[in-house]
Structures are given as C-alpha cells and as structure tokens.
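S.K.: The structure follows.
The values are calculated or read from the model by the stated rules, or taken from the named source; none is laboratory data. Predicted model only: the values in this text are computed from it and were never measured. Backbone-built Cβ (ideal geometry, glycine too); neighbour counts: all protein chains shown. Calculation scope for accessible area: heavy atoms of the full protein, side chains included, ligands and nucleic acids excluded. Shrake-Rupley method; radii C 1.70, N 1.55, O 1.52, S 1.80 Å.
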Amino acid sequence: MIALHFGAGNIGRGFIGLLLSQSGYEVVFSDVNQDIVQELQKRGQYTVTLANETHDQLQVTGVTAIDGTDLEKVAETVAKADLVTTAVGVNILKHIAKGIAVGIERRVAQGAAPLHVIACENAIGGSTQLKEHVFSHLPEEVKAKAEQVVAFPDAAVDRIVPIQHHEDRLAVTVEPFHEWVIDESAMFDGYKVIDGVHYVTNLQPYIERKLFTVNTGHATAAYIGNLHRYETIQQAMADEQVVSEVKATLAESGGALIAHYQFDQAEHQQYIDTIIERFRNTELTDEISRVGRSPIRKLSPNDRLVRPAMLALEVGIEPKHLANAMAAALRFDVADDPESVELQQLLKAIGINETLTKVTSLSKDHPIHRMVVASYEASSAK
C-alpha cells in the first residue's frame, strides 16, 4: 500500500509519516526541498526521537520521496496511491492542488479504487479547502465521477514539533503526545484504519477544541512570553505570571467550548491541564519566534484568538484575557517574519484602531476591539 504525503518537513516526518509507516504504508513524501527529497530517496529511512526523559527513538523505514515541483511525477503517484495526506500549511494547499487534480483525472479514467485525500493542517476544514482547490482544476465532465471515487474527509491534528537542530537533516524530535482525529462520516466504507487515529462522526467539536485550546494557549504563551522578553515557550511557562495568563485565557475559550459543544467541564479542565504540562515540557525547546510567527493569520476572524473570543462573548463570558493575547500579538515584532514586519508597518502607518479592524474584521465600536485597544495601550505605558 502506498501513501503519498505532501510535506516532508518536521510534522510530515515526525507525525503523519511516522503513523502511516507504523500502519504498514510505504510512504512517499512529496516536497520542494531537493536536499530532503534526495536524502529520503537515498536512505529510505529516518529516526524520530521522542522528547521525553529517556529520549526514545523510533526508526521509520520503507520511505522515499518525489520532487513536488515535478507535476508529472506527482500526478503519477496520486494515480496509484492508496491514500493521500498533506502537512504543508493551509496557504500552500492551492499550490499542490494541480498535481492532485491531474492524478485524480487519471484515476477516474483508469477506474481505480476509491481514494481518501486528507489535509492534516492547523485549520478548520483543511480537506474541504483542498477539495475546492483540486476541483477547480478538474474538467466539468470529470467532477461528478471524481465525487464518487475520491473523498476529502476533514481532520484535526495535534503534535508539538519544535524547531530542529540536528546534524542529520532527516532526524526529527517530537513530543510524545499526539492526536489525529478524522471525520469518518466523509469516508468510504471499508477504509483502512490508521493506527493511532481517532475516527469520529462529528469532527467540528474536536477541531475547535484543539484549535481553541492548544493553538490558543500556545499563541498566548508565545505573545505574552514575548512581552516578557523570553526566547522559548519553556522559559515563558516557567514564569507563573505567564502561566496564569495562559490558564485564564484557556478558561475563557474553554467556557465558550463547553457552552457550545456541551463538553464535560471536568474532562475539559483535564484537557487544559494536559496542554499546560505539554507546554512546560523541558525536553522541548520551542522558540517563541516560531510559535508566534504569522501574527496576521493568527489574528484573523476565524483563527485561534478572535474566534474563541467571539464565541465567549456570545455566551456571556467577557474575553478580556483573549483580548490581552491579541494585544500582545500586535506587539510581536520579529524581523525575519514577513507578517510581523507587515503588521508593525501597518501599526505605524494607520494606527492601532484601523490595523486591528483590518486584520481581525472587528469594527471600532465592537466590545472586543475596545478591550484589545485598551490592553495594547496599557502595555505601551509599562
């Protein structure tokens, strides 16, 4: 069995590729990094190290790679694959869609077996978005047939993979915890179970629980930690003042999630506690510059800060700590992050009020907008 996975980066190798290999797939990575592609082709294996006290190592074998810029090779591999997955970043999905579309067209012509295409991205509806990009490249006469033999089940994924510092360019370190949830209601009957995956019939609560707990908490730790001049999440989470702010933020997002999805309060609190301990894992070195990067995307209306704040407000929770995190995100000034640079330029050019509306879509008279501005101005006075 062949699984084609787009993205041979740290998440691809250390999470998705690992689980696929452990489930018996021959994993073919598609990537534009020619050095990584050539190393995978040459060696056919790599090592995953768990960030625990014993630094357990897992050998991933039976892997190879193809050049992601070679449309013909990508299409050929899609045409014969038993599964397609991605971990490239939601903004890159449109760039891989053409090769997938050509491969699907060939599958339809050949009468190939049904195929699942699963986007494992930090986004709501990643596979749905990928399907839209892919179908935009399909001829009209192929689309109806493709609907019958290709499914795009959405998924939620969670595993912390920090910036790597290895002499071996294929080696990757990951935290022991992982969660991969797939919407089986969108899958064909008789699908092959992937070891370590949780299949559910209603994915939305799991997606938002992860996004508005793990991603919200991680971003909060990064942006508040940045205000305190810390360099890593672990340094920030050793400061009880930062921890207190992260917990308060997750209490707001958690209250919104419990109200909207009827999560058990005790179970959700245990989930939050687990997340906090993951952030505190001293075996990881997770740089704030990595976790906080792309602040414009993270301040967008449906992402990890604005969306839970809106949900909280709907159920009568004042999201003042989520507002603090948003204000801190506006002060994330990292020279090698294009979005950070753009954000700081906007603040200088049009000011806090117009910038905040531009990136969050919150009007100037919105209560959350007012809370963020107040927090931002208070932080400038310190």
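Conditions (1) in contact with a Phe, Trp or Tyr (Cβ under 9 Å, 6 or more places away or on another chain); (2) within 27 Å of residue 56 (Cβ to Cβ), marked per residue:
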position: 84; (1), (2): yes, no
position: 105; (1), (2): no, no
position: 141; (1), (2): no, no
position: 145; (1), (2): no, no
position: 155; (1), (2): yes, yes
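S.K.: Another question, then. Which of the residues that make up the stretch 232-254 are part of a helix (DSSP H, G or I), out of contact with any helix residue (DSSP H, G or I) (no Cβ under 6 Å at 6 or more places or on another chain) and either surrounded by fewer than 21 Cβ atoms within 10 Å (Cβ to Cβ) or charged (D, E, K, R) (or both)?
M.R.: Those that are part of a helix (DSSP H, G or I), out of contact with any helix residue (DSSP H, G or I) (no Cβ under 6 Å at 6 or more places or on another chain) and either surrounded by fewer than 21 Cβ atoms within 10 Å (Cβ to Cβ) or charged (D, E, K, R) (or both): 235, 240, 241, 243, 244, 247, 251.
S.K.: Would you mind telling me which numbered condition in (1) over 14 Å from the mean Cα position of the chain (by Cα); (2) modelled with pLDDT of 95 or more; (3) of a type in the set (A, V, I, L, M, F, W, C) residue 144 fails?
M.R.: Evaluating residue 144 over (1) over 14 Å from the mean Cα position of the chain (by Cα); (2) modelled with pLDDT of 95 or more; (3) of a type in the set (A, V, I, L, M, F, W, C) leaves (2) as the failure.
S.K.: I've got another one for you. Taking residue 378 as the residue in question, decide whether it is part of a helix (DSSP H, G or I), at pLDDT below 95 and over 20 Å from residue 215 (Cα atoms). Working first, answer last.
M.R.: On the way: part of a helix (DSSP H, G or I): yes; at pLDDT below 95: yes; over 20 Å from residue 215 (Cα atoms): yes.
Here the answer is yes, as residue 378 does meet what is asked.
S.K.: Can you tell me which residue within the stretch 166-185, out of those that are outside any strand (DSSP E or B) and free of Cβ contacts under 8 Å to residues at least 40 places away in the same chain, is surrounded by the fewest Cβ atoms within 10 Å (Cβ to Cβ)?
M.R.: 167
S.K.: Here's a follow-up. Going through the stretch 113-128 one residue at a time, which ones are assigned to a helix (DSSP H, G or I) and either open to solvent by less than 20 Å² (accessible area, probe 1.4 Å) or under 23 Å from residue 27 (Cβ atoms) (or both)?
M.R.: Step one: filter the stretch 113-128 for residues assigned to a helix (DSSP H, G or I), giving 126-128.
The answer is 126, 127.
S.K.: Here's something else I'd like to know. Taking into account only those residues within the stretch 354-375 that are outside any helix (DSSP H, G or I) and within 12 Å of residue 319 (Cβ to Cβ), which is nearest to the chain's Cα centre (by Cα)?
M.R.: Filtering first and then ranking leaves 362.
S.K.: Something else about it: If only one of 340, 363 is touching a residue at least 12 places away in the same chain (Cβ under 8 Å) and of a type in the set (Gly, Ala, Ser), which one is it?
M.R.: On the way: 363 fails: touching a residue at least 12 places away in the same chain (Cβ under 8 Å).
Selected residue: 340, the only one of 340, 363 that is touching a residue at least 12 places away in the same chain (Cβ under 8 Å) and of a type in the set (Gly, Ala, Ser).
S.K.: List the residue pairs whose Cβ atoms are under 7 Å apart, where the first residue sits in the stretch 229-244 and is among the β-branched types (Val, Ile, Thr), the second is open to solvent by 30 Å² or more (accessible area, probe 1.4 Å), and the two are 6 or more positions apart or on different chains.
M.R.: 232/285; 232/287; 242/228
S.K.: Pick from the stretch 220-231 the residues that are open to solvent by less than 20 Å² (accessible area, probe 1.4 Å) and under 21 Å from residue 164 (Cβ atoms): which of them is farthest from the chain's Cα centre (by Cα)?
M.R.: 225
S.K.: Filter the stretch 76-112 for residues that are farther than 25 Å from residue 123 by Cα and in contact (Cβ under 8 Å) with a residue 60 or more places away in the chain; which is nearest to the chain's Cα centre (by Cα)?
M.R.: Checked the stretch 76-112; the qualifying residue nearest to the chain's Cα centre (by Cα) is 77.
S.K.: Which one of these does residue 269 not meet: (1) in contact with a Phe, Trp or Tyr (Cβ under 8 Å, 6 or more places away or on another chain); (2) assigned to a helix (DSSP H, G or I); (3) not hydroxyl-bearing (Ser, Thr, Tyr)?
M.R.: Evaluating residue 269 over (1) in contact with a Phe, Trp or Tyr (Cβ under 8 Å, 6 or more places away or on another chain); (2) assigned to a helix (DSSP H, G or I); (3) not hydroxyl-bearing (Ser, Thr, Tyr) leaves (1) as the failure.
S.K.: Answer yes or no: is there a residue in the stretch 186-198 that is modelled with pLDDT under 95, open to solvent by less than 40 Å² (accessible area, probe 1.4 Å) and not β-branched (Val, Ile, Thr).
M.R.: No: zero hits.
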